[in-house]
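Structure first, commentary second.
The values are calculated or read from the model by the stated rules, or taken from the named source; none is laboratory data. Remember, predicted model here, so these are calculated numbers, not experimental data. Virtual Cβ from ideal backbone geometry, glycine too; neighbours counted across all protein chains shown.
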Amino acid sequence: MKKIFLETYGCQMNEYDSELVRSILKKENYEFVTDEFKADIVMLNTCAIREHAHRKVYGRVHNIRHARGKDSPVMIGILGCMATNLRQELFEDKSLKIDFIAGPDSYKRLPHLIHEASDEGQKSYDVTLSEFETYSDVYPSRTEGGVNAWIAVMRGCNNFCTFCVVPYTRGRERSRSPENVVDEVRRLAAEGFKQVTLLGQNVNSYHYDNYDFAYLMDEVSKVEGIERIRFTSPHPKDYPDHFLDLMAANPKICKHIHLPLQAGNNRILDMMNRGYTHEEFLSLVDKIRTKIPDVALSTDIIVGFPTETNDEFEDTIRVVTKAQFDIAFTFKYSERQGTVASKKYPDEISEAIKTERIMHLHATQKEITYQKNLAHIGKTLTVLLEPYPEAKNKDQMPGRTDGNALVILPLGPYKGGDMVKVRIIAATPHALKGLPV
Ligand code: SAH
Ligand code: SF4
Ligand code: F3S
């Protein structure tokens with residue numbers, strides 16, 4: 001029985017895909033091990049979103065070859081988003097010694113690719129992108145005893161934001177049927193999962209026949225045993241009124257909306273092909289807050305997109321100040337091969353300016369997050385406790401509010417997966433402290 005060590009980089013979709021890969025290969029009698037030195041095959045499920053993610057994988061391959069020694073028969077396989085993007089480069093770079101490559105739509109072919117590479121000594125790859133593959137017939141091999149289960153409901157992206165590599169690495173949008181998703185959620189509930197997070201590169205543009213994302217969320221919420229439903233990552237263009245009304249009315253759907261802003265200046269937004277102006281974005285924020293008053297909002301922002309001036313960056317600060325997000329994930333622009341931005345606009349903003357901007361943005365958001373956290377003091381909130389063994393500090397229990405804020409509780413007669421009512425007694429910029437009531 002061959003032993004595999006699988007390491008995952010990038011987003012939750014990649015984590016989910018690794019669970020699919022485990023399931024596919026376990027059926028073929030491969031064994032997964034946690035010690036990479038015991039493995040016959042090391043597979044890296046890679047991410048290509050930014051240069052940093054990309055370089056990390058190169059470094060890791062060299063590091064494995066070095067650690068195992070030049071005569072080691074260990075095989076190295078590359079999966080995920082770098083596979084599609086860099087097939088050529090990976091095979092041509094002889095120093096890397098990659099044995100096989102499988103793109104995100106080719107995981108069912110992994111047993112064959114591994115066989116070709118090991119028994120026939122070939123370099124084998126399949127990075128074909130599919131218009132249909134949703135893996136709806138593969139039940140992921142998840143870690144047992146979890147509280148939250150991820151479930152991919154759609155794959156791919158048709159938006160082509162000019163900075164982003166995802167439409168090229170993962171191909172076009174396609175969705176699973178609602179029945180198929182609900183069946184999987186029922187199974188998860190029976191296994192004891194309390195929360196499901198619906199996943200997709202563009203999750204709220206889910207579409208299957210005439211069924212939209214609101215329909216899917218509503219159906220999933222009817223599954224008994226599932227207490228909370230989340231979703232990620234969405235695009236601001238797909239929040240129709242009936243979906244916001246459903247979120248407001250359905251107690252199982254968490255009142256948390258991720259609303260990636262990317263930039264606060266209209267010229268930059270247009271160059272990014274985001275499809276909205278900052279005025280439209282802010283009026284969507286207003287509408288969401290009117291319909292769902294206690295909603296938590298999070299966002300993603302890129303600084304230093306080509307040609308962004310200081311004044312234009314200040315527009316981002318202004319929108320951030322107005323929107324009052326609970327949390328923001330901030331990134332320095334990173335040019336990605338094959339994207340429209342990489343072809344049309346040179347990456348001309350210096351690293352120093354990008355650093356200055358991201359620090360300014362970070363400081364602005366940190367204060368907003370802190371004020372938001374302070375405003376929770378004195379409130380009674382329901383917290384879903386995370387699995388205890390994952391907690392870093394063994395004297396405390398971490399949990400999440402409906403709005404996804406982290407709450408730290410003292411140890412008590414409760415366990416991971418319990419819903420506990422807590423009174424918030426203190427706050428830091430990163431977390432809340434609570435006592436059970
Ligand atoms: N589908 C998701 C995006 C996933 S990537 C969405 O539309 O929200 C997560 C975030 O990474 C993006 O929102 C963006 O802020 C950032 N990102 C993507 N490409 C990038 C690039 N080339 N440089 C810097 N940040 C990037
Ligand atoms: Fe990338 Fe834009 Fe698609 Fe998100 S919506 S994955 S940022 S192209
Ligand atoms: Fe990275 Fe691919 Fe996810 S590029 S962020 S692993 S979709």
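From the list 237, 194, the one residue that fits, being touching a Gly at 6+ places or on another chain (Cβ under 7 Å) and at pLDDT below 95, is 237. Per this entry, residue 339 is counted among residues that are in contact (Cβ under 8 Å) with a residue 60 or more places away in the chain and under 17 Å from residue 272 (Cα atoms).
Filtered by the rule that a residue be more than 29 Å from residue 422 (Cα to Cα) and either outside any helix (DSSP H, G or I) or within 16 Å of ligand 3 (Cβ to nearest atom) (or both), segment 348-378 gives 348, 349, 350. Please specify each residue of segment 161-211 satisfying the condition of being closer than 22 Å to residue 255 by Cβ, under 15 Å from the mean Cα position of the chain (by Cα) and within 16 Å of ligand 1 (Cβ to nearest atom). Correct list: 197, 198, 199, 200, 202, 203, 204.
Here is a list: 62, 52. Which entry is under 30 Å from residue 301 (Cα atoms) and at pLDDT below 95?
Only one candidate passes the filter, namely 52.
Entry remark, segment 281-307: residues being over 16 Å from residue 325 (Cα atoms) and more than 16 Å from ligand 1 (Cβ to nearest atom) number 1 in total. Tallying residues that are of a type in the set (Lys, Arg), within 16 Å of ligand 3 (Cβ to nearest atom) and either under 18 Å from residue 258 (Cβ atoms) or in contact with a Gly (Cβ under 8 Å, 6 or more places away or on another chain) (or both) within segment 301-347 yields 1.
All conditions but one from (1) within 14 Å of ligand 3 (Cβ to nearest atom); (2) under 16 Å from residue 106 (Cβ atoms) apply to residue 22; the one that does not is (1).
Counting only strands (runs of 3 or more DSSP E) that sit completely within segment 1-99, those holding 1 or more residues that are under 18 Å from the mean Cα position of the chain (by Cα) and touching a residue at least 40 places away in the same chain (Cβ under 8 Å) correspond to 3-8, 75-80.
Filtered by the rule that a residue be crowded, with 17+ Cβ neighbours inside 10 Å, more than 16 Å from ligand 3 (Cβ to nearest atom) and assigned to a loop (DSSP other than H, G, I, E, B), segment 142-164 gives 142, 146, 147.
Confirm whether residue 109 is more than 30 Å from residue 302 (Cβ to Cβ) and under 20 Å from the mean Cα position of the chain (by Cα). Here the answer is no, as residue 109 does not meet what is asked. As a summary of the residue check, residue 231 satisfies the conditions (1) assigned to a helix (DSSP H, G or I); (2) closer than 23 Å to residue 290 by Cα; (3) within 16 Å of ligand 3 (Cβ to nearest atom); (4) not polar (S, T, N, Q) except for the one numbered (1).
Residue-wise test of (1) within 15 Å of ligand 2 (Cβ to nearest atom); (2) more than 23 Å from residue 371 (Cα to Cα); (3) not in a helix (DSSP H, G or I).
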site	(1), (2), (3)
297	no, no, yes
301	yes, no, yes
305	yes, yes, yes
314	no, no, no
318	no, no, no
330	yes, no, yes
336	yes, yes, yes
342	yes, yes, no
346	no, yes, yes
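Would a scan of segment 114-128 turn up a residue that is surrounded by fewer than 19 Cβ atoms within 10 Å (Cβ to Cβ), modelled with pLDDT of 90 or more and of a type in the set (Gly, Ala, Ser)? No; the residues of segment 114-128 include none that is surrounded by fewer than 19 Cβ atoms within 10 Å (Cβ to Cβ), modelled with pLDDT of 90 or more and of a type in the set (Gly, Ala, Ser).
If you go through segment 186-202 and keep only what is within 18 Å of residue 215 (Cα to Cα) and either among the small types (Gly, Ala, Ser) or without any contact (Cβ under 8 Å) to a residue 12 or more places away in the chain (or both), you end up with just 200. Go through the residues of segment 379-388 one by one and say whether even a single one is in the same structural domain as residue 423 (by TED's automatic domain parsing), surrounded by fewer than 21 Cβ atoms within 10 Å (Cβ to Cβ), in contact with a Gly (Cβ under 9 Å, 6 or more places away or on another chain) and touching a residue at least 60 places away in the same chain (Cβ under 8 Å). Yes, that holds for at least one residue.
Within segment 152-159, none of the residues are modelled with pLDDT of 95 or more, β-branched (Val, Ile, Thr) and away from ligand 1 (no atom under 16 Å from the Cβ). Which is surrounded by 17 or more Cβ atoms within 10 Å (Cβ to Cβ), outside any helix (DSSP H, G or I) and at pLDDT 90 or above, of 137, 105? Answer to the check: 105. Return yes when residue 121 is over 25 Å from residue 141 (Cα atoms) and not in a helix (DSSP H, G or I) and no when it is not. For residue 121, the condition - over 25 Å from residue 141 (Cα atoms) and not in a helix (DSSP H, G or I) - is met.
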